[in-house]
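Worksheet: one structure, shown below.
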Amino acid sequence: MSATVGTAEIGPAHLPRVDVEAFILANMPLVPVPSIAGISLHTAQPSSGLWRLLGQGGGGGHSPYWAYPWAGGAALARHFLAHPEIVRGRSVLDLGAGSGLVAIAAVRAGAASTIAADIDPLAAVATRLNAAANGVGVSVVQDDLTKGPPPSVDMIAVGDLFYDRQLALRVTAFLDRCLVAGIDILVGDPGRAFLPYQRLRPIAEYQVADFGETGATKHAGVFSFTACPA
C-alpha cells in the first residue's frame, strides 16, 4: 500500500491511485452541520461512492468516521460556540478529530491555536479541506497521540472516543497523563458503551444528530474529565 497525505494520493501499487482531495471535493458536498450554525462539512452521501477510497485501502483500514459528524463532537462544537470564553485565547487539541468539526468550532470561538489529530490519513485530508471551506486555520496531525507524552496545549477536546473497550482504556490513560500535566479536558459523548462516567463531571447537554442516523437526534453531554477518585 502507498499513502501520501501531502499530495492526497492513496491506493496500492496495482490499482489506480486516488486523489483524495479531488475525490472529496467532487463527491462529498459541503453540508451544514445540523444544529450548528455557520459550519459546513464535506459529508458522504449515498451517491458519494466512498467505497472507491476505502476499497483501495485508503485510510489504512480505518472506518470512514471522518465522513460524517458525530454526536459527541457536535455537542462540543455547540458548547464552544455557545460559551466562547472556554477556549478564547487558548491552545486546543481536538483528539480523534475525524472531520475536524471540533477544531473548526474552537477556532470560530476564538482559540489562539488549534490542533486536529487523527490516526486516519483520510481524516487528515478531510480536516484540511473542511477547515479551508470554513475559512479557519487548523494544524493537522496524522498520528496516535495517545502513545506519547502530554501535548503542549491548554485544553484537550475528546469527542466520541469511548465506543471501543481497548480504545477507551488507551485514551483514558493518556488523559490521566494530561491531567497531571495541568491540561483541561472536555469530553463530548452521547453515552457510548465504554464512557467512563465515574471520571466525568457533567457540564451541559445538547440535542444533536449522530453518525449514521439520518434525520434523528439524540442527547449528547459535555463533561469535564476529572482525576480518579481516591
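Data overview
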{"read-out": "Among (1) buried (at least 21 other Cβ atoms within 10 Å of the Cβ); (2) out of contact with any Ser or Thr (no Cβ under 6 Å at 6 or more places or on another chain) - the single one Phe174 does not satisfy", "value": "(2)"}
{"read-out": "Boolean, Ser48 is assigned to a loop (DSSP other than H, G, I, E, B) and modelled with pLDDT of 90 or more", "value": "yes"}
{"read-out": "Single unsatisfied condition, Arg170 versus (1) under 19 Å from Pro84 (Cα atoms); (2) out of contact with any Cys (no Cβ under 9 Å at 6 or more places or on another chain); (3) not small (Gly, Ala, Ser)", "value": "(1)"}
{"read-out": "Single match in Val102, Val140 (criterion: buried (at least 20 other Cβ atoms within 10 Å of the Cβ) and closer than 24 Å to Ala204 by Cβ)", "value": "Val102"}
{"read-out": "Matching residues, the stretch 148-164, being assigned to a loop (DSSP other than H, G, I, E, B) and within 17 Å of Gly73 (Cβ to Cβ)", "value": "Asp160, Leu161, Phe162, Tyr163, Asp164"}
{"read-out": "Any hit, the stretch 74-89, residues being touching a Cys at 6+ places or on another chain (Cβ under 9 Å), free of Cβ contacts under 8 Å to residues at least 60 places away in the same chain and within 25 Å of Gly221 (Cβ to Cβ)", "value": "no"}
{"read-out": "Among the residues listed as Val18, Val31, the single one being at pLDDT 80 or above and among the β-branched types (Val, Ile, Thr)", "value": "Val31"}
{"read-out": "Some residue of the stretch 130-152 being within 17 Å of Glu21 (Cα to Cα) and within 10 Å of the chain's Cα centre (by Cα)", "value": "no"}
{"read-out": "Number of positions in the stretch 86-114 that are touching a strand residue (DSSP E or B) at 6+ places or on another chain (Cβ under 8 Å) and in a loop (DSSP other than H, G, I, E, B)", "value": "9"}
{"read-out": "Residue list for the stretch 216-230, restricted to those being small (Gly, Ala, Ser) and buried (at least 21 other Cβ atoms within 10 Å of the Cβ)", "value": "Ala220, Gly221"}
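Okay, residues lined up against (1) surrounded by fewer than 21 Cβ atoms within 10 Å (Cβ to Cβ); (2) part of a helix (DSSP H, G or I):
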{"position": "Ala116", "(1), (2)": "no, no"}
{"position": "Gly135", "(1), (2)": "yes, no"}
{"position": "Thr146", "(1), (2)": "yes, yes"}
{"position": "Gln166", "(1), (2)": "yes, yes"}
{"position": "Val187", "(1), (2)": "no, no"}
{"position": "Ala193", "(1), (2)": "yes, no"}
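The values are calculated or read from the model by the stated rules, or taken from the named source; none is laboratory data. Quick caveat, the model's predicted, so the values are computed rather than measured. Neighbour counts run over all protein chains shown; Cβ positions are idealised from the backbone, glycine included.
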